[in-house]
1. When region 29-71 is examined, which residues are found to be of a type in the set (Asp, Glu) and touching a helix residue (DSSP H, G or I) at 6+ places or on another chain (Cβ under 6 Å)?
2. Quick one: count up the residues across region 65-113 that are β-branched (Val, Ile, Thr), modelled with pLDDT under 90 and under 19 Å from Thr233 (Cα atoms).
3. Where in region 142-214 are the strands (runs of 3 or more DSSP E), entirely inside, with at least 2 residues that are more than 14 Å from the chain's Cα centre (by Cα) and either modelled with pLDDT under 85 or surrounded by 17 or more Cβ atoms within 10 Å (Cβ to Cβ) (or both)?
4. What tally of residues in region 101-119 results from selecting those that are out of contact with any strand residue (DSSP E or B) (no Cβ under 8 Å at 6 or more places or on another chain) and under 22 Å from Ala193 (Cα atoms)?
5. How many residues, within region 215-229, are buried (at least 17 other Cβ atoms within 10 Å of the Cβ) and either assigned to a loop (DSSP other than H, G, I, E, B) or in contact with a helix residue (DSSP H, G or I) (Cβ under 7 Å, 6 or more places away or on another chain) (or both)?
6. Scan region 180-225 for residues that are touching a Lys or Arg at 6+ places or on another chain (Cβ under 6 Å) and either under 14 Å from Thr109 (Cβ atoms) or among the small types (Gly, Ala, Ser) (or both) and report the count.
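The values are calculated or read from the model by the stated rules, or taken from the named source; none is laboratory data. Predicted model only: the values in this text are computed from it and were never measured. Heads up, the Cβs are rebuilt from the backbone with ideal geometry, glycines too, and the neighbour counts pull from every protein chain shown.
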Amino acid sequence: MAEEASQHPLTVGDFADSLYHSTRADNQFKFLKNLSEGQSADFLQQLLRLVNSAMDDEDTSALTQFVQQQQRQAYQASQTVSKVRPDLSAVPLAALRKPLNQAKIALFTSGAIYRDDQPGFYPANLTYEEAAQDTRSALERVASLRVIAADTPVERLRVGHIAYDIHAAQEDVNVIFPLTHFHELAQEGVIGALAGNNYSFHGLTNIQRLRDETTPQWVQLLKEDGVDAVFLTPG
């Protein structure tokens, strides 16, 4: 490995690219790809200074504020209006037809949650070039669904989304797929029951096809299971 590293030295730019997709993927810091190599070097230098201060003062507030400010600046400079997102009209909310404490609720997320015995949504070792190509193919993609039984232990759940920061979900999957909390709500009588089948897909997909083709099929699954309402979480 050391010999390979010496033959292929990693530049600051290469490192920034690797944070966007690949085995180093980190959605908190993938914005570095939007910076020049010099800007990335300046950011890392300032980051290290603030890390030193945080260690000395036992206060990470300045460090957090700096990272968040850099994220905003980098993303604002690169924002463009999507040419492919359809103009979706507003849909009125439907009234719940029975009291909440009698309703069967299903969890439904676009956060790419799956069981450890189900296929992931993206290979863990995806390179940046492969991921970029696959992201472009999202314009034609049909979303694939993972069915997660209500009795699934949360320690068997995984998260495999490439477009949001998954660190918190990896620490506690309930922040994006609150399976434990809905079991508690059912036990406390707040809801009637948690549905036997709950669902997850990867939100990076063709939005218009999702609305017109896929969603009606998923709605039918929910109806067949006697679901009264769904709790939606975005990914």
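1. Filtering region 29-71 for residues of a type in the set (Asp, Glu) gives 37, 42, 56-59.
Hit for region 29-71 is Glu37, nothing else.
2. Matching residues across region 65-113 total 1.
3. Working: elements: 146-149, 157-159, 197-200.
Ranges flagged: 146-149, 197-200.
4. Within region 101-119, the first condition is being out of contact with any strand residue (DSSP E or B) (no Cβ under 8 Å at 6 or more places or on another chain), and the residues that meet it are 101-102, 117, 119.
From the residues that got through so far, the ones that are under 22 Å from Ala193 (Cα atoms) too are 101-102.
Of the residues in region 101-119, 2 are out of contact with any strand residue (DSSP E or B) (no Cβ under 8 Å at 6 or more places or on another chain) and under 22 Å from Ala193 (Cα atoms).
5. Of the residues in region 215-229, 2 are buried (at least 17 other Cβ atoms within 10 Å of the Cβ) and either assigned to a loop (DSSP other than H, G, I, E, B) or in contact with a helix residue (DSSP H, G or I) (Cβ under 7 Å, 6 or more places away or on another chain) (or both).
6. The qualifying residues number 5.
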